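What follows draws every value from the coordinates through simple rules; no lab data is involved. Please read all numbers here as calculations on a predicted model, not as lab measurements. Note that each Cβ is placed from the backbone with ideal geometry, even for glycine, and that neighbours are counted across all protein chains shown.
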Amino acid sequence: MTPDGAVGWKAVCIAALVAGVASTAFQLLLWWLAGDDPIALLLRDSRLAAAIVMGPSVLRPPAAFDPVVMLAATLVHFTLSWADAAVLAWGMSRLRLRGTTACMAGAAYGAGLFFVNMYGFTWVFPWFAQTRDAVTLATHVVFGMSLAQAYLWALYDGGHAGSELHNKRGRHQ
């Protein structure tokens with residue numbers, strides 16, 4: 001990864017943001033393709049996430065737009081994205097993963113996160129059990145893949161071949 005195999009923390013932050021946004025957009029698309037109301041489900045999921053820090057009282061209907069709930073949900077979402085990015089980046093730097101291997105590792109990581117979140121996390125926050133479905137699984141897989149790829153892209157100077165981390169043949173060191 002970096003010349004000394006260390007985690008690139010700026011790249012972790014960029015990857016967390018990119019993957020958090022990409023996976024949310026992907027989830028909205030899947031809900032829409034499934035014929036569901038993506039906005040209603042986004043509001044529901046925002047309340048589920050916000051309840052982690054605000055308590056289960058925010059789960060009560062109606063599931064209308066609430067800026068405080070949305071802010072709390074966004075902070076939870078991106079804090080978890082950052083933590084997930086840090087763990088994946090650490091593993092990728094230790095194993096020196098790149099290219100297709102990194103993408104596949106990201107997909108496996110995302111699938112693993114699904115099981116940890118939807119079957120482990122629900123012991124503490126049982127309201128997430130309602131989101132155990134194929135859309136959430138696919139979203140986690142896309143999150144992991146985009147996390148791995150965005151991390152590599154950000155780590156290697158936005159993909160510029162002139163980066164100091166490239167050797168004379170244009171390959172990552």
Residues of segment 56-90 with amide N under 18 Å of the 7 Å Cα→Cβ point at residue 34: none
Theoretical FRET efficiency, 1/(1+(r/R0)^6), r = Cβ-Cβ of residue 115 and residue 95, R0 30 Å, to 0.05: 0.90
Principal semi-axes in Å for segment 22-171 [√(5λ), Cα gyration tensor, largest first]: 33, 15, 15
Cβ crowding within 10 Å averaged over residues, with 5-17, 57-69 ranked highest first: 5-17, 57-69
With Cα atoms, 0 to 90° folded angle of helix 99-115 axis to the chain main axis: 20 degrees
Tilt relative to the chain, helix 67-95 - C-alpha long axis, 0 to 90 degrees, to 10: 30 degrees
Karplus 3J(HN,Hα) series, Hz, for segment 49-64 with 6.51 cos²θ - 1.76 cosθ + 1.60 (x for Gly, Pro): 5, 4, 5, 4, 9, 9, x, x, 4, 6, 7, 5, x, x, 8, 8
Spacing of the two label points (7 Å from each Cα toward its C-beta) at residue 75 and residue 129, in nm: 2.9 nm
Whole-number Å³ per residue for the convex hull built on Cα positions in segment 3-90: 99 Å³
